[in-house]
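Visitor: The following block contains the structure, expressed as structure tokens.
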Amino acid sequence: MSIVELNHPLISHKLTILRNKETGTKEFREIIGEISSILCYEAMKDAKLKDVEVDTPICKTFGKKLDEDKYAFVPILRAGTGMLDGLIHTMPNAKIGHIGMYRNEETLKPVKYYYKTPSDIQNREVIILDPMLATGGSGIDAITMLKESGAKNIKFLCIIAAPEGIEKMQAVHPDVDIYCATIDEKLNENGYIVPGLGDAGDRIFGTK
């Protein structure tokens with residue numbers, strides 16, 4: 001398992017805007033999408049390409065093309081859908097799955113309520129989307145469900161990760177690479193990432 005943390009001045013700039021509690025829903029949502037696109041580019045560095053012949057306005061030539069039908073994006077509901085637009089712009093023909101989970105505020109454990117993925121998920125590279133890797137519970141359970149459906153090649157994309165969540169995911173799913181914009185300091189006593197950016201779902205959808 002590898003941990004890829006984006007390290008770029010533009011990402012640092014955008015993260016600062018996300019963290020600011022005064023940032024409005026529209027801007028917050030847009031920046032989540034922008035960072036997600038960049039994460040997708042990073043996660044696709046090892047993508048396999050095939051040779052194709054194309055006609056330019058000048059002549060015939062050969063180029064490289066990605067087989068988008070071999071990929072699936074799977075956001076964890078509901079916050080993960082906020083990352084989806086950024087990835088769809090990058091790879092519009094990828095198939096989409098959804099995993100619905102919410103966190104029990106007393107136990108901090110994820111509770112599953114929905115699961116739907118492409119029928120041939122076992123033949124696709126799967127990219128899971130969740131803005132926050134906090135305790136790791138939701139991500140771990142989502143990966144487990146996908147593996148039970150036959151998925152073998154899985155990556156996890158998030159905006160912010162906590163060291164505790166990374167450690168737990170490494171222990172349970174050492175074969176899954178994590179791509180994040182930044183690794184924060186820790187979790188607080190309520191299981192929220194510090195300094196974090198608050199509840200990503202509420203801020204994406206303007207529900208609080």
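No lab work stands behind these numbers, since they all come straight from the coordinates. Keep in mind the model is a prediction, meaning the values are calculated, not measured. When we count neighbours, we look across all protein chains shown, and the Cβ atoms used for this are built from the backbone with ideal geometry, even at glycine.
Visitor: From the backbone phi of region 13-30, what are the Karplus-calculated ³J(HN,Hα) couplings (6.51 cos²θ - 1.76 cosθ + 1.60, θ = phi - 60°) in whole Hz, Gly and Pro given as x?
Guide: Result, rounded to whole Hz: 4, 5, 5, 4, 5, 4, 5, 5, 5, 8, 5, x, 4, 4, 5, 4, 4, 5.
Visitor: So if R0 is 25 Å, what FRET efficiency would residue 205 and residue 10 give, r being the distance between their Cβ atoms, rounded to the nearest 0.05?
Guide: 0.50
Visitor: At 7 Å along the Cα-to-beta-carbon direction for both residue 55 and residue 175, put a label point, then send me their distance in nm to one decimal.
Guide: 4.5 nm
Visitor: So what's the chain giving for Rg/Rh, alpha carbon basis, Kirkwood Rh from the mean inverse pair distance?
Guide: 0.99
Visitor: Sticking with this structure for a sec: Collect residues whose amide H, placed 1.01 Å from N in the peptide plane, falls under 5 Å from the amide H of residue 94; neighbours closer than 5 in sequence don't count.
Guide: Distant-sequence amide H within range of residue 94: zero hits.
Visitor: Quick one: check the C-alpha center-to-center distance for region 4-41 versus region 71-96, whole angstrom.
Guide: If we compute the Cα centre of each part, the gap is 16 Å.
Visitor: May I pose another question? Could you estimate the translational diffusion coefficient of region 106-150 from the Stokes-Einstein equation, with Rh from the Kirkwood formula over C-alpha pairs, at 25 °C and 0.890 mPa s, in whole µm²/s?
Guide: 208 µm²/s
Visitor: Which loop-located trypsin sites (Lys or Arg not before Pro) does region 17-56 contain, where loop means any DSSP state but H, G, I, E or B and the Cβ has at most 10 other Cβ atoms within 10 Å?
Guide: 21, 45, 48
Visitor: Still on this structure, I have one more. Given N residues in region 1-93, what is its alpha carbon radius of gyration divided by 2.2 N^0.38 Å?
Guide: Cα Rg divided by the expected 2.2 N^0.38 Å: 1.37.
Visitor: Still on this model: Quick one: which residues, 5 or more positions from residue 128 or on another chain, have an amide H under 5 Å from its amide H? H modelled 1.01 Å from N in the peptide plane, none for Pro or chain starts.
Guide: It is 74, 155, 156, 157, by chain and number.
Visitor: Normalised by the residues of region 55-188, what does the relative contact order come to in percent, with Cα pairs under 8 Å and at least six apart?
Guide: Once divided by the residue count of region 55-188, the mean separation gives 21 percent.
Visitor: Give the shape of region 1-45 as rounded, prolate or oblate, defined through the alpha-carbon gyration tensor: a ≥ b ≥ c are the square roots of its eigenvalues, a/c under 1.5 means rounded, and otherwise the shape is prolate if a/b is larger than b/c and oblate if not.
Guide: Here region 1-45 falls in the prolate category.
Visitor: Moving on to the next point. Around residue 77, which amide H atoms from residues at least 5 apart in sequence, or from another chain, sit under 5 Å from its own amide H, with H modelled in the peptide plane?
Guide: Placed amide hydrogens put 99, 100, 101 under 5 Å from residue 77.
Visitor: So what does log10 I(q)/I(0) come out to for region 101-206 at q = 0.11, 0.12, 0.17 Å⁻¹, using the Debye formula with one equal point on every Cα and no solvent?
Guide: So the normalised log intensities work out to -0.33, -0.40, -0.80.
Visitor: Calculate the FRET efficiency for residue 186 and residue 47 from the Cβ-Cβ distance with a Förster distance of 30 Å, rounded to the nearest 0.05.
Guide: 0.35
Visitor: Once you put a point 7 Å from the Cα of residue 26 and another 7 Å from the Cα of residue 113, both along the Cβ direction, what distance in nm separates them?
Guide: 3.0 nm
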